[in-house]
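First the structure, in the form of structure tokens, and then the observations on it.
Throughout, read-outs are computed from the coordinates displayed, never taken from laboratory work. Just so it is clear, the structure is predicted and the values come from calculations on it, not from any experiment.
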């Protein structure tokens with residue numbers, strides 16, 4: 001099938017409009033049309049993953065982020081979104097690997113630094129330190 005960039009942009013825009021209305025099923029339909037036309041459109045994969053997350057279809061969302069990353073390994077947003085889903089699934093080690101990847105792409109990515117610190121297991125001997133004194 002020949003891809004038509006105008007159609008792809010239209011479907012992406014319609015998907016985004018449905019997202020804003022919190023009509024995630026319709027948004028997914030739009031993103032699927034983009035993916036059917038051009039499976040290398042990483043934004044469609046990432047946006048579909050977001051909608052699937054909102055519908056609590058976490059494993060499917062994870063697969064979408066994986067597809068987006070396969071298309072563009074330097075896509076920080078997809079790595080961060082993947083980390084978020086892995087965290088929700090309780091897969092902390094894999095989540096940390098995503099933060100590491102983000103920081104290898106952008107060592108100054110503040111959010112990835114902060115979330116990595118918050119996700120790092122801590123071992124306390126005796127009492128836990130007070131967070132606020």
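Taking Cα atoms only, the orientation of helix 42-54 departs from the longest principal axis of the chain by about 60 degrees.
Seen against the Cα atoms of the chain and their longest principal axis, helix 76-88 is set at about 60 degrees.
Given the choices [x] 34, 16, 12; [y] 30, 22, 13; [z] 31, 16, 14, semi-axes √(5λ) of the Cα gyration tensor in Å derived from the coordinates of this structure is entry [x].
Length gained on full extension, residue 73 to residue 92, computed as 0.36 nm times the residue gap minus the Cα-Cα distance: 4.8 nm.
Against the main long axis of the alpha-carbon atoms of the chain, helix 24-37 sits at an angle near 60°.
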